[in-house]
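Take a look at the structure set out below.
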Amino acid sequence: MDTLEYYESNKEFNVFVASTYSDLALFKEQDERALFNDLLLNDLYQVKKYTAKRLVIALSKGTLPKGKYKVDDFIDQLFIVVYNDFNQILTAENLHPWLFKKVDELLEESIVDEEFDDQFLKNIDDYSKPEWDEIEEKYSTDAGGDLVMIDELDDISYPKNDYALNHVFIENDQKEFFEKLDKDLSDESKRKHTNMVLYYLPLPVRAVFELAAEYQFSLTDIATIRNQSLEEVKELLEIARKSIEASFLNRFDTKD
């Protein structure tokens, strides 16, 4: 197994990135740019996945023009930013969230703000199973192809996130139902449904959930990455969890 895949699968990648901080600082001090960039490339493994997903959703929603940007366009810019501003990183533990923060800033400069229709959030508690099936059909038509077949992103494999239901359902009165659901649904079904709901949620909600559930950042780190207060991050994460929880409950609860 590839070293990077090992760290990712064991949720230890943040620790791995932190362990490279002292060597990066030394290479920077010695003006060894080639050695610095070679080591930094390993640290950017998850940043590239995050960038790919941001781009692919922006492309499918039309908030970024197709054919203009590739993942490596942003990563190349990030190499320059990291080398020039490395002294802004005060501790080894700050390195990984700081990398996400900087690529987020680069992305925000290029991606047009999403126009969000709050009807999806307002109605999420009321959608029936047939309505969810209809939403999935629309999602598959409007976004599904783009999410796996974007030519502009052929230089990096699109991340297939497997969100366990324990990322969403924590200490609630539906625990027994969701434990059963976690066993009954395949990983592919859970992933597809969760990604569909996230796709229709506003960017701040989607980003906070993914940074917490997929990349295992703390709420404090996410607040730094997203330039938001800790309370805002907590609120957005709660919105994401409640939205996804309601969607699973309304679509897959067959007890009646």
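No lab work stands behind these numbers, since they all come straight from the coordinates. Everything numeric here is computed off the predicted structure, so don't read it as measured data. All Cβ positions, even for glycine, are placed from backbone atoms using ideal geometry, and neighbour counts span all protein chains on display.
Below, the figures for the structure above:
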quantity	calculated
Filtered trypsin sites (Lys or Arg not before Pro), the range 1-110: DSSP coil and at most 11 other beta carbons within 10 Å	Lys11, Lys68
Inter-probe distance in nm under a simple model that places probes 7 Å from Cα toward Cβ, at Lys175 and Glu134	3.7
Size of the range 1-111 as Cα extents on the principal axes (Å, biggest first)	42, 32, 22
Arg241, Arg191 arranged by Cβ crowding within 10 Å, fewest neighbours leading	Arg191, Arg241
Label-to-label distance, nm, for residues given as Val81 and Asp182 (7 Å Cα→Cβ offset)	3.6
Distance from the range 180-248 to the range 10-37 (C-alpha centre basis), Å	29
